[in-house]
Structures are given as C-alpha cells and as structure tokens.
Amino acid sequence: MPAACESVLEDIEDIVSAEDLKPHDRQFVRKNVFPKVRKRNSQKNIQTDDEPPSDSIIPGVQKIWIRTWGCSHNNSDGEYMAGQLAAYGYKITDNSAEADLWLLNSCTVKNPAEDHFRNSIKKAQEGKKKVVLAGCVPQAQPRQEYLKGLSIIGVQQIDRVVEVVEETIKGHSVRLLGQKKDNGKRLGGARLDLPKIRKNPLIEIISINTGCLNACTYCKTKHARGDLASYPIEELVDRAKQSFQEGVCEIWLTSEDTGAYGRDIGTDLPTLLWKLVEVIPEGAMLRLGMTNPPYILEHLEEMAKILNHPRVYAFLHIPVQSASDSVLMDMKREYCVADFKQVVDFLKEKVPGITIATDIICGFPGETDEDFLETMKLVEQYRFPSLFINQFYPRPGTPAAKMLQVPAAVKKQRTKDLSQLFHSYNPYDHKVGERQRVLVTEESFDSNYYVAHNPFYEQVLVPKDPLLMGKMVEVNIYEAGKHFMKGQPVSDARVHTASITRPLAKGEVSGLTEEFRRAPQNGTNWKAQPSADIPVKTRLSSWMALQLPWQQEGDGLKILSVSLALLAVLVMFYYGGMKTE
C-alpha cells in the first residue's frame, strides 16, 4: 500500500471571520492546515489507525491542560485562551496526565525557558497527547525542527484558539501566525473583552500594548512581539471596569515596555493612568509594569503624581541591565547610566518610600571586569529591594549571539558575586514595628500564609484567615526577611472590602457578557461547563454551526459555502486514497 499523501489546504482559517487579514496582507507567514488522510487496509477494507476518523470526533468534549512560562503578558494570554476554550465547553484540567490535549504557552527570553518548553513537547508526544503551541518561541521561529508538524497559535491570534484546538484534535496541523491590523495599521492584539479564566480571581492582568520601540541586541522577544502597538484608552478603561464588576481588587498593567504606551496612537502612559484611576474603587489597587528609562524620562513629573495616588502602588520596575555605558551601547539600550540614575533619584525624592525594581545581565559579550565592577557599585549604592539577576544567554538569531562571548565560567562567577551582594543586605529590617495598610490577594507558596502587599508593593505575609482574602486591612509588622515582612492584623482597624461585587470562583469564566449568554439562541452552545453535560446531538449540531460570539460579524453564508467546499475536498482525499490502493 502506498504511503499516505500529505495535502495542503491554503488559508483554511479565512473562512471564520471577515475581519481578519486577507492572504495578500500576510507577508510573514503562510497559514496551512495539513489534513490527516485516513488509511484503510486494502484487503479487509478496515481502518488501520488506532484513533477514530476525524469526521467522527466531536469537538468541545475533551480535557485540556495549559502550561504557561514567562512574563505577566504571557500569563494574560494564557488566561484568555483558557477562558475561550472553557466557554466553548472544553474542560480545563490541572492534571496533565488526564488531558487529551496540551496547550504549551512559551517564553523565549532565556535558553532554560525554551529548554523546558522543548522538553514538555517531547513529553506530550511520548504520552500520545495532542499538542498546540503558543507564545513567543514558535512565533519567533516557527520553522525550528522540533516544532515541525505541530499546531501553532500566534501571539496576536489567541482569539482563535478554539479553531486551532479543534483542528488539532481532529489530527490536523494548523498554524495561525499573522498580525492583527485595521486599515493596514497594526493593532495591540486580540480583543480585551474575550472570555478569560484568571489564575487568581482577584487579580486582572491587562496588556496595554504589545511590542516595543527598541532593538536590543540580546532580545528574542522582539522577534515575536514586534514593534509597538497600543490598545486605545477607552478599551483599556472598559476592561478595567469589567474586571472590577467581576470582583477583582488588583489590576496589573503589563507589556514589553509600558513606558512606550501610546506613542503609536497619539497618546501617552500618564494620560492612560489618569483615566484608569478614575474607575478604581476604594480599597482596590493598580500596579504598573516594566518601563525602560528612555520613555519614562519625558513624564517624570506626571508619573510621580500618579505613583503618589492612594490607589496606585508606589512601585516601578525599571531595568538597567548594566552600569557600564559601553555595555549599554553594545546592547543598544538607548540610554546611559546617568539617565537611569536621574529617573531613580527623582522618583525617590518625589515619591517617598517608592520601590524600584531592576534587572541586570551578567556576562554580556564584551563586558570587562571594570564594566562589571561599575554594576556592583550601582547595586551597592541603591540597594534595590527587588533585583532580577540574569546570566547572559545568547539567543539564536540575535546580534548578541554573534558577538565575542564572555567565558561561561566568568559569567557564572559574576552572577554569583552579584547575587552575594544582593543577599548581603536586608531592605525591610527598619520597618519592623510599623503599622501598614495591606491588600490581601493570594496564598503563599508554602500554603502557610496569605500574601498581601503594602502601598509600596512590598510583600507582607499575614495569617490564613479566610475573612482577610480580598480585603484591605491594617497590620503591625513584627518580623522581616530578605523578600518579605510578616504582619499581624490590628483588631480595632477598619477593614475595606476592595471589590465592588463577589469575586468569581477559581476556574470560573470571566467575560461571559450578554453577548455570550445569547449565543445558544444563535445555534452555538456556549455553556461554561464540562461539555459532557451537553447531549452529544446538541454538541454536534452546535459545532457544525460554529461561529464564535467574538467573530460573529462575518458572513454566515460564506462560512457555510466554504465549509461545504472543504467537505468536498476531504471526500476527494478519501476516495482518491481508495483508488490508489
């Protein structure tokens, strides 16, 4: 019997939404589906595959395990994908062994993160699991050998994860890697009001923009996220309002560079922040994400005012990466050490007690002993309470990977030396005995405490009293460690209920607005429950009429006609295979 042929159907995903790009607009990626051809025994005319034929598989009844690596932006993407899949009826499970499909959402910042991702793919394949890949690794380098034949959902295509999962479950390989555009202008990404399952029902992560304006020589994320593309202010404010209406009491603003927000759409970060603080209810808090020094310099006065607002954490993450101007030049960071110091000094003066977090790369190509000594002096001067120390890893395809590398032993020693310096001081010892206001939002890693944060986003561990969760309380600090303080609630203090409504239950789908609740009337079943509770006949007819609520502006007749054409193609494959036998 001849080997099964591999057929390519071009642009199959274009049947779903009229809003998505046309084929000629997709310059950087070809989107293909590779149908799995059924094999038959020529003598007994029986199917030889162990799996059922794809046309007998009912979508929406499978269990899916989702694993996310990396930044808060990536975590938000993972929450959105989980929400859409659960809203369609798939069961999101924490048990990877029982899952039918693994959705692996990757990070490309460092080699170890990609190694974990690669190993997870191998483990899934060994366990005969279906696999869908997401995140920055496949977006940046989709043609890597270990990604061959696997389905990929691009970082700007997460609103179409249901389609990719369905085709993958049926045995096809689907790759959606295009960019979202409006009249040729790149958008921030998928809609912000999509269904979502928050990892923590009390915390909403909002991506305010994607990409950045820099071209750092070591950065692989730029290859995946691209140039700056910001969401409109009104959409971000609406998302914040929706979150508070669902019981959220803390919002994180995230992106590859929050300081660059709005430069592509004629606005800026302070303008956005002033609009957001207007809708934050009493007792809730906003945390601002990472910003690079060049873009915050222009707004220091306004940023100081915002960081002094009682509903905004006095916290800012400003990566310096190195205290050597020559190294920063090789990195193409577009600022000098004096710029970084100006930002930090100004904010420390104008925002008393502010927490400044920073990043440092040890062993960047060309870094001399003198360069590294300057970095050590900077840390000694500012004694950052939060310091992210990274040994340099050359990422494939980046300019830094082609530079003359610092010996591995030297990189390790510098990383060790800087870590020892960081652990030589305790930033919170002087706060023992203070009375602080804290917002309780999560459970500690060891499950012995609840985790709260004071106005400077410093971590405070409090007793595990369920009445405290989601509340803003006052505590007396009685102990301090390197990364935390411990506080005892004050008995006579007022307790603020930060959220304006009951928080969603863990695993409950956010964003099921009236639009989604009406979906069953339109022929698509969108109950956010395990689809085993839905009759098979209903699920099958719903699937055949599939049109996701956030994609309902397309032409239904077009979908029907193209679907029939696709069915005809598959029938051709089937009978063509029989004739060759």
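Spatial offset of the stretch 106-180 relative to the stretch 439-495 amounts to 39 Å, using the alpha carbon center of each. In this structure, the amide hydrogen of Trp252, modeled 1.01 Å from its nitrogen in the peptide plane, lies closer than 5 angstrom to those of Glu204, Ile205, Ile206, Arg287, counting only residues at least 5 positions away or on a different chain.
To put it simply, the accessible area of the stretch 185-427 at a 1.4 Å probe is 54 percent carbon and sulfur. Backbone geometry of the stretch 379-385 corresponds, through the Karplus equation with coefficients 6.51, -1.76 and 1.60 at θ = phi - 60°, to 3J(HN,Hα) couplings of 5, 5, 5, 9, 6, 4, x Hz, x marking Gly and Pro. Between Thr398 and any residue 5 or more places off or on another chain, the built amide H atoms are never under 5 Å apart. The smallest convex shape that holds all Cα atoms of the stretch 185-427, its convex hull, gives 137 Å³ per residue. Phi-derived couplings, Karplus 6.51 cos²θ - 1.76 cosθ + 1.60 at θ = phi - 60°, listed residue by residue for the stretch 193-205: 9, 5, x, 8, 10, 6, 4, 10, x, 8, 10, 10, 9 Hz, with x used for Gly and Pro.
Calculate the FRET efficiency for Ser419 and Lys332 from the Cβ-Cβ distance with a Förster distance of 35 Å, rounded to the nearest 0.05. That gives a FRET efficiency of 0.85. Taking each residue as 0.36 nm, the span from Ala304 to Arg263 lengthens on full extension beyond its C-alpha to C-alpha distance by 12.8 nm. Whole-Hz Karplus values for the stretch 421-431 come out as 4, 4, 7, 7, 10, 10, x, 10, 4, 6, 9 Hz, taken residue by residue from phi with 6.51 cos²θ - 1.76 cosθ + 1.60 and θ = phi - 60°; glycine and proline positions read x. The fraction of Cα-Cα pairs per 5 angstrom bin, counted from 0 for the stretch 63-178, comes to 2, 13, 26, 28, 22, 9, 1, 0 percent, rounded to whole percents.
Given a cut-off of 21 Å, what percent of all Cα-Cα pairs of the stretch 331-445 lie beyond it? The proportion of pairs with Cα distances above 21 Å equals 51 percent. Of the cross-linked pairs Lys341/Lys411; Lys341/Lys402; Lys130/Lys185; Lys110/Lys275; Lys180/Lys350; Lys348/Lys431, those separated by over 28 Å at the C-alpha level are Lys341/Lys402; Lys130/Lys185; Lys110/Lys275; Lys180/Lys350. With protein chains left intact and a 1.4 Å probe, residues in the stretch 63-178 average 33 Å² of accessible area per residue. Give me the net charge for the shell around Thr398: Cβ to Cβ below 9 angstrom, other residues only, Lys and Arg +1, Asp and Glu -1. Overall, the nearby charge balance is +4. Please list the non-local residues whose amide H lies under 5 Å from the amide H of Gln62, H modeled 1.01 Å from N, same-chain partners needing a gap of 5 or more. Placed amide hydrogens put Lys91 under 5 Å from Gln62.
The values are calculated or read from the model by the stated rules, or taken from the named source; none is laboratory data. Everything numeric in this text was worked out from a predicted model, so none of it was measured. Using ideal geometry, Cβ is built from the backbone for each residue, glycine included, and neighbour counts are taken over all protein chains shown. The protein model used for the area step is the full one, side chains on, heavy atoms only, and it has no ligands, DNA or RNA in it. Shrake-Rupley method; radii C 1.70, N 1.55, O 1.52, S 1.80 Å.
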